[in-house]
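Below: one structure, written as structure tokens.
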Amino acid sequence: MYRTHHCNQLRKTDEGRSVTLAGWVNSRRDHGGVIFIDLRDREGLTQVVFRPEEYPQVAEASHGLRGEDVIQITGNVAPRLPGTENPKLATGDIEIIASELKVLNKADVPPFPLDSKVANEDLRMTYRYLDLRRSEMAGNLRLRHRIVKATRDFLDEAGYIEIETPILSNPTPEGARDFLVPSRLNPGMFYALPQAPQQYKQLLQVAGLEKYFQVARCFRDEDLRAERQPEFTQIDIEASFITDVEIQTLIEGLLVRIFREAKGLEIKTPFPRMTYHDAMDRFGSDKPDTRFAMELVDLGDVFRESQFKVFRSVVDGGGVIKAINAKGAAALLSKEQLKKWEEWVKTEFGAKGLAYIKWSAVAATPSSQEVPAAPPPRFAAWESPIVKFFSEAEKTTLAARMGFAEGDVLFFGADTWEHVCEVLGRVRLRCAELLELTKGSDALNFLWVVDFPLLAFSSEELKHVAVHHPFTRPRPEDVPLLEAGEYRKVRALAYDVVLNGVELGGGSIRIHERDLQAKIFEVIGVSPEEQEVKFGHLLRAFTFGAPPHGGIALGLDRLVMLIVGAESIRDVIAFPKNNRGIDLMTHSPVEVDFKQLREIYIASTAKKG
Ligand code: ASP
């Protein structure tokens, strides 16, 4: 037996007990020849003291101990000397007087200290096993386990069955690039790693399993942003004979359970619901952060008759004028910074510009004059490249509509509704960051965004594309619009769950009829031949009594990240890839031998160097 107790277990009540502990030397202190160590295992720390007067040989050996050595010690639990207790430590009232010491393995000096936050993430990833020894990282993984366990328990109790679906599967239209795996047994053929188990989970409904879930690994070959990984985990759910609201209620129950068990927090349900249109119109985002207002305000009526040609022509052309009021931002935004913001919206979103009005607060200067000076004209303090074109009436209405006051900055958007909403939505978030509107906030603003459009027109592909995926069901009242070819007006029975401006997951009620599915494929430009090749299995399955069904998937990594308050998704994944898709510890991906490639009928065209 390696140990009788773990390192976070012994208390004053254990005084006099003979115990054996095993773990790592967390720290070592030499107090005039008496060695003290903090022994660490995954549960915590216990102080061990080596006393030369009682156990000279053991004390002698303790001089050779170094940080991260793996040791086993046996000794008696003793109270610490009065005044030397450590109230910050659960075991801080006691120490072990070591009578035996066994070094199980020596350790080299670690490449970075394990007791503090290390900034160099490449180094942390290279020695990931050491990084994971840090209590913060180990804590993240343990909380992740709690969340997955709560998920499994909750869904099991609700009658859901966990079923694994293939990892070697076919390319799927989930919207990203596929990872391909060549088939040795079928020369020239490829599997794709699943972007999501979407079709399998639907086929499990046709199979009559009724309630499916999976903690599913998904793979998407994308350029990696901060919160993305090429492989990630979804809590994937699908059920038959279920409505959209019933799925949403199920997910609310699941999140209640997760937050209760992982965080000890009671979250309020039902979550508010907002249509996609309102989310975009008011917050400029399909995942609005509703912890602060700064809503987009429509000004079309104010500038309908305007002399300012830019606004006027947008209104005349059927576009919109909107603005947000960044309250109190004037002191934080210099002219140069505003120029930079304008560059940013131009390059990032193709906006034509970013019109603003800045109303700097005027410092009150005591006047030496006897007679008070006449107040400056009302709008004189407005700094803006466009305000000179506004009439007095426009300025008055604008100020009232926007609640514009000294110290504020207004930002304008004038273009198509979609473009204005998107750009101002991004400016809104940037203002919130600048003004630190959510700093220190413990609010948990959950929200359902519903009634997404089913289809969008892709100006790159010059055709309609599915906004979620092509298996999403149109709202029944919008099916006539689909038949009439008014594709962009068709809304979907789709829903996303959002927390504090982050999309936790999304899903939909699905199409379960062959003809409707074929129609959607046709609209998004999948020819009948291609339908047969790529989706023949699904279309056929729908002809054999497919039940109405729907589902959802939640991004587990992001959920864990939000719950633990980690800054990066990489901090909640044991062995993540960096932003070039590389595992710095194992150096994956690696070059392979040409013989291995030959066996799978592959020749690399990559240029070396
Ligand atoms: N398969 C979808 C996704 O991964 C989620 C769903 O519709 O259930 O985004």
Check your understanding: Quick one: is residue 308 modelled with pLDDT under 95, more than 13 Å from residue 404 (Cβ to Cβ) and open to solvent by less than 40 Å² (accessible area, probe 1.4 Å)?
Key -> yes
Review point. Any idea how many residues of the stretch 53-90 are closer than 27 Å to residue 105 by Cα and over 44 Å from the mean Cα position of the chain (by Cα)?
Key: 17
Practice item. Mind counting the residues in the stretch 381-402 that are under 20 Å from residue 278 (Cβ atoms) and open to solvent by less than 70 Å² (accessible area, probe 1.4 Å)? Key: 1
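So that you can scan it fast, the table gives a plain yes or no per residue for (1) assigned to a loop (DSSP other than H, G, I, E, B); (2) open to solvent by less than 40 Å² (accessible area, probe 1.4 Å); (3) touching a residue at least 24 places away in the same chain (Cβ under 8 Å):
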position	(1), (2), (3)
567	yes, no, no
577	yes, yes, yes
581	yes, yes, yes
597	no, yes, no
603	yes, no, no
606	yes, no, no
**Study point:** Out of 58, 25, 49, sole residue that is part of a helix (DSSP H, G or I) and either crowded, with 17+ Cβ neighbours inside 10 Å or in contact with a strand residue (DSSP E or B) (Cβ under 7 Å, 6 or more places away or on another chain) (or both)
**Key:** 58
Exercise for review: Please specify each residue of the stretch 61-78 satisfying the condition of being free of Cβ contacts under 8 Å to residues at least 60 places away in the same chain, among the polar types (S, T, N, Q) and open to solvent by 30 Å² or more (accessible area, probe 1.4 Å).
Suggested key: none
Point to revise | Test set (1) open to solvent by less than 80 Å² (accessible area, probe 1.4 Å); (2) in contact (Cβ under 8 Å) with a residue 40 or more places away in the chain - residue 298 fails condition number | key: (2)
Check your understanding: If you go through the stretch 386-404 one residue at a time, how many are closer than 25 Å to residue 290 by Cβ and either without any contact (Cβ under 8 Å) to a residue 60 or more places away in the chain or not in a helix (DSSP H, G or I) (or both)?
Key -> 3
Review point. Which pairs do you get when a residue that is in contact (Cβ under 8 Å) with a residue 40 or more places away in the chain and at positive phi, found in the stretch 245-272, comes within reach of a residue that is open to solvent by less than 20 Å² (accessible area, probe 1.4 Å) and part of a loop (DSSP other than H, G, I, E, B), reach meaning Cβ atoms under 7 angstrom, with the pair 6+ apart or on two chains?
Key: none
Exercise for review: Output the number of the condition that residue 472 fails; it satisfies all remaining conditions of (1) within 20 Å of the chain's Cα centre (by Cα); (2) within 11 Å of the ligand (Cβ to nearest atom).
Suggested key: (1)
Review point. Could you list, in sequence order, the residues of the stretch 214-244 that are more than 11 Å from the ligand (Cβ to nearest atom), of a type in the set (Asp, Glu) and either closer than 24 Å to residue 493 by Cα or free of Cβ contacts under 8 Å to residues at least 12 places away in the same chain (or both)?
Key: 223, 244
Exercise for review: Give me the pairs, please: first residue somewhere in the stretch 496-509 and open to solvent by 10 Å² or more (accessible area, probe 1.4 Å), second residue anywhere and more than 12 Å from the ligand (Cβ to nearest atom) and of a type in the set (Lys, Arg), beta-carbon distance under 9 Å, and either six or more positions apart or on two chains.
Suggested key: 500/291; 501/287; 501/291; 502/287; 502/558; 503/287; 503/558
Point to revise | Given (1) surrounded by 19 or more Cβ atoms within 10 Å (Cβ to Cβ); (2) under 17 Å from the mean Cα position of the chain (by Cα); (3) among the acidic types (Asp, Glu), index of the condition residue 231 fails | key: (1)
Review point. Can residue 538 be described as open to solvent by less than 10 Å² (accessible area, probe 1.4 Å), out of contact with any strand residue (DSSP E or B) (no Cβ under 6 Å at 6 or more places or on another chain), touching a residue at least 60 places away in the same chain (Cβ under 8 Å) and within 16 Å of the ligand (Cβ to nearest atom)?
Key: yes
Study note, to complete from the structure: The number of residues in the stretch 583-595 that are touching a residue at least 24 places away in the same chain (Cβ under 8 Å), open to solvent by 20 Å² or more (accessible area, probe 1.4 Å) and either closer than 27 Å to residue 190 by Cα or of a type in the set (Val, Ile, Thr) (or both) is 0
Revision key, fill the gap. Those residues of the stretch 510-528 which are within 15 Å of the ligand (Cβ to nearest atom) and either out of contact with any strand residue (DSSP E or B) (no Cβ under 9 Å at 6 or more places or on another chain) or open to solvent by less than 10 Å² (accessible area, probe 1.4 Å) (or both) amount to 510, 511, 517, 520
Exercise for review: Report, by residue number, each residue of the stretch 291-308 that is in contact with a helix residue (DSSP H, G or I) (Cβ under 8 Å, 6 or more places away or on another chain) and farther than 21 Å from residue 425 by Cβ.
Suggested key: 304, 305, 306, 307, 308
Point to revise | Residue check, residue 90 part of a loop (DSSP other than H, G, I, E, B), touching a residue at least 24 places away in the same chain (Cβ under 8 Å) and either touching an Asp or Glu at 6+ places or on another chain (Cβ under 8 Å) or aromatic (Phe, Trp, Tyr) (or both) | key: no
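The values are calculated or read from the model by the stated rules, or taken from the named source; none is laboratory data. If you're wondering where the values come from, they're calculated on a predicted model, not measured in any experiment. Glycine also receives a Cβ, built like all others from the backbone with ideal geometry; neighbour counts cover every protein chain displayed. Protein only, heavy atoms only, side chains kept; ligands, DNA and RNA dropped before computing areas. Shrake-Rupley method; radii C 1.70, N 1.55, O 1.52, S 1.80 Å.
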